[in-house]
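Notes follow once the structure below has been shown.
Just so you know, all these numbers are worked out from the coordinates, no wet-lab data involved. Since this is a predicted model, take the numbers as computed values, not measurements. Glycine also receives a Cβ, built like all others from the backbone with ideal geometry; neighbour counts cover every protein chain displayed.
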Amino acid sequence: MVLNNIADILKNGERFFLASHKDPDGDAIGSILALGEALELSGKEVVLFNEGPIPDSLTSLKGIERIINNFNTKSGFDAFFVLDCGNLERVGRASLHLSKIKPLINIDHHENNSQFGDLNLVDANKSSVGEIIYQLIKLADLPMNLNIAESIFVAIQTDTGSFRFDNTTREAFFIAGEMLGWGVNPWKISRKVMDGYTLKKLRLLESTLKTIEFHNAGKVGLITITKQMLLKAKADNFDSERFVDYPRFISGVEIAVLIREIKKDYYKFSLRSNDWINVADLASHFGGGGHQRAAAFTRKGSLELVKQEFLNKAHEFFIGH
Ligand SMILES: [Mn+2]
């Protein structure tokens, strides 16, 4: 089976190229750092790639400085690992270039993964890619240490929203518990990775909450961030991470939406659901994807137009319920 094949490649190979998605989250960064360090500790050579930009909340992770965002096509790799990417394009500008490294190994947990690898290890039942990396490290007999444990813990913690999203499984808790056995301190990690708010982030939150609007009899809660709001708060896009949870917290809201202006007439929608709507399905109508409870897509057009298009489609999902 594919898990064993990949474990064999890790055991027998000597040089590996590891990449994860641009605009990375804790799972994308934690997973490459964990696998990278485990391979290196066992005497292998690794190149860690992420197009970035890496959010401040993750810059304290050990080994973060080893992640490069430029690439010279060096040959002689035994495999190219792509982690936490539903499709190869998620790697970013380098994706086409990098896809020449063979075999291309796709490790992911997004339901709508396009199976772009020569080997595909895609398990939508896993909370995070960090969980799969943990399995592979065990199976390939790679070493563990505190740095690796912290990276795996961060991958699971961030993708489960601190062990409370509905992808939080017994397995997720079990592995996190194991990581505590390696010396991970959840309080210290959480202060850096989950808290660590800056004043500009709080200012941006203040103005964002004022934009809240409701549709579909309160079942859709929507907030918006424009470029101008970012400028005014002196904030950047990373500062709005997890803001989409605020409308989701409200009772009666089934779909929470954050619309962000990326540039003029170009918007990114982040979607969350509470109970039964599959937002990955909803996002796929606009060329996006993700998970049942968390998904995203981008759209060109005026704010009023793209918002209305989205609300019309969301409305269809509620018909009959
Ligand atoms: Mn993930």
Quick check on the exposure proxy: order Tyr267, Tyr246, Tyr134 from fewest to most C-beta atoms within 10 angstrom. Tyr246, Tyr267, Tyr134
FRET E, pair Ser251, Leu3, Förster distance 56 Å, beta-carbon r, rounded to 0.05: 0.85
Determine the alpha carbon to alpha carbon distance for each of Lys210/Lys300; Lys268/Lys300; Lys232/Lys313; Lys234/Lys307 and list only those over 21 Å. Lys210/Lys300; Lys232/Lys313; Lys234/Lys307
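Using the 10 angstrom Cβ neighbour count as an exposure proxy, how do Arg191, Arg164, Arg293 rank, fewest first?
So the residues, fewest neighbours to most, are Arg164, Arg191, Arg293.
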So what's the Cα pair-distance distribution over the stretch 200-318, bin width 5 Å, in %? 2, 12, 24, 26, 21, 11, 4, 0
Please report the antiparallel percentage of the DSSP beta bridges confined to the stretch 200-318, to the nearest 5. 75 percent
When the helix-only estimate is applied to the chain (DSSP H runs of n ≥ 4, each -39,500 (n - 2.57), divided by the residue count), what is the mean residue ellipticity at 222 nm, nearest 500 deg cm²/dmol? -11000 deg cm²/dmol
List the trypsin sites (Lys or Arg not before Pro) within the stretch 54-85 that DSSP assigns to loop and that have no more than 10 neighbouring Cβ atoms inside 10 Å. Lys74
Note down the magnitude of the dipole of the chain about its Cα centre, charges +1 on Lys and Arg C-beta and -1 on Asp and Glu C-beta and zero elsewhere, to the nearest 20 debye. 1000 debye
Taking the stretch 239-319, which GluC sites (Glu not before Pro) meet the DSSP loop condition and have no more than 10 other C-beta atoms within 10 Å? none
So for the chain, taking the charge dipole from beta-carbon charges (+1 Lys/Arg, -1 Asp/Glu), which of Phe116, Tyr267, Val279 sits furthest toward the positive end? Tyr267
So how do His110, His97, His21 line up by other beta-carbon neighbours within 10 Å, fewest first? His97, His110, His21
Taking every other residue with Cβ under 14 Å from the Cβ of Arg299 and scoring Lys and Arg +1, Asp and Glu -1, one gets +3
Using a cut-off of under 17 Å, list every residue of the stretch 60-86 whose amide N is near the label point 7 Å from the Cα of Leu146 along the Cα-to-beta-carbon line. 60-64
Got a sec to turn the phi values of the stretch 87-104 into Karplus ³J(HN,Hα) couplings, 6.51 cos²θ - 1.76 cosθ + 1.60 with θ = phi - 60°, whole Hz, x for Gly and Pro? 8, 5, 4, 4, 5, x, 4, 7, 4, 5, 4, 6, 5, 6, 6, 10, x, 8
Report the dimensions of the chain along its three principal axes from the alpha-carbon atoms, largest first, rounded to Å. 57, 39, 39
Pairwise centroid distance, computed over Cα atoms, of the stretch 226-268 with the stretch 270-304, Å: 14 Å
So for the chain: antiparallel DSSP bridges make up what percent, rounded to the nearest 5? 45 percent
